[in-house]
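Read the structure below first, then the notes.
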Amino acid sequence: QVQLVESGGGLVQAGGSLRLSCAASGRTFTTYAMGWFRQAPGKEREFVARINSGGVIRYGDSVKGRFTASRDNAKNTVYLQMNSLKPEDTAVYYCAADTTGWRIRSDINDYEYWGQGTQVTVSS
């Protein structure tokens, strides 16, 4: 069983920055791919970023050039640095773990474990 705990959400003005963290339990964190997703009210959960076990990172089109994902395997933690935030970035942000970590691409259904989410609100 893997437990994921997100933190770092909050209220920020448009153009500002936030850094989200996701701490994972378990001794095999280095073998996981970690994903970030978000869900705004009334919308489907949207892919934000994925970093696989080898450190290869993919981003969703809406966040490319503004968000940066990273991982610290020594701390069992993944991060999402969010810059140049826009009101449309407002959502609950979730981290997720895919135990088939070598995959560069995956479907949302491939993630076996999910955090509880952290709210990010960007005011205009």
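The values are calculated or read from the model by the stated rules, or taken from the named source; none is laboratory data. All values reported here derive from a predicted model rather than from experimental measurement. For neighbour counting, all protein chains shown are included, and Cβ atoms are generated from backbone atoms with ideal geometry for every residue, glycine included. Surface accessibility is based on the protein's heavy atoms, side chains included, excluding ligands, DNA and RNA. Shrake-Rupley method; radii C 1.70, N 1.55, O 1.52, S 1.80 Å.
Explain nothing, just the number: relative contact order of the range 75-119, from Cα pairs under 8 Å at least 6 residues apart, as a whole percent. Let's see the in-between values first.
Values: 31 pairs, mean separation 19.6, N = 45.
Taking the mean separation of contacting Cα pairs over the length of the range 75-119, I get 44 percent.
For R19 and D107, what does the FRET efficiency come to when R0 = 35 Å and r is the distance between their Cβ atoms, rounded to the nearest 0.05? Provide the component values of the computation, followed by the final result.
Numbers: r = 27 Å, r/R0 = 0.77.
E(calc), rounded to 0.05, equals 0.85.
Using a 1.4 Å probe, what is the accessible area per residue for the range 27-82, in Å²?
On the way: 2770 Å² over 56 residues.
Per residue, the range 27-82 has an accessible area of 49 Å².
Could you check which residue among N76, N109, N52 shows the biggest mean-square fluctuation in a GNM of the chain with a 10 Å Cα cutoff?
Comparing N76, N109, N52 in the GNM, the peak value goes to N109.
Tell me, what ³J(HN,Hα) does each residue in the range 35-40 have, in order and in whole Hz, if you take phi through Karplus 6.51 cos²θ - 1.76 cosθ + 1.60 with θ = phi - 60° and put x for Gly and Pro?
With coefficients 6.51, -1.76 and 1.60, one gets x, 10, 10, 9, 9, 8 Hz.
In sequence order, what are the phi-derived ³J(HN,Hα) couplings for the range 112-117 according to the Karplus relation 6.51 cos²θ - 1.76 cosθ + 1.60 with θ = phi - 60°, rounded to whole Hz, with x for glycine and proline?
Values, residue by residue: 8, 10, 9, x, 7, x Hz.
Is there a quick way to get the dipole size of the chain? I mean about its Cα centre, with the Cβ of Lys and Arg at +1 and of Asp and Glu at -1; what is the value in debye to the nearest 20?
Dipole size: approximately 280 debye.
Express the relative contact order of the range 34-124 as a whole percentage, based on alpha carbon pairs under 8 Å and six or more residues apart in sequence. Intermediate results must be reported in sequence, preceding the final value.
Details: 166 pairs, mean separation 27.6, N = 91.
Once normalised by length, the contact order is 30 percent.
Anyone know which of L11, L80, L20 comes out most mobile in the 10 Å Cα GNM of the chain?
Ranking L11, L80, L20 by mean-square fluctuation puts L11 first.
Ranked highest first by average number of other Cβ atoms within 10 Å, how do 33-40, 44-51 line up?
Details: 33-40: 22.5, 44-51: 18.6.
For the peptides 33-40, 44-51, the packing ranking is 33-40, 44-51.
Under a 10 Å cutoff between Cα atoms, tell me which one of T28, T68, T90 has the largest fluctuation in the Gaussian network model of the chain.
Result for the chain, Cα springs under 10 Å: T28 fluctuates most.
Within the accessible area of the chain, what % is carbon and sulfur when the probe is 1.4 Å and the other protein chains stay in place?
On the way: 2970 of 6320 Å².
Reported share for carbon and sulfur atoms: 47 percent.
What nm value, rounded to one decimal, do you get for the distance between T100 and Q39 when each label is placed 7 Å out toward the C-beta?
A separation of 2.3 nm, rounded to one decimal place.
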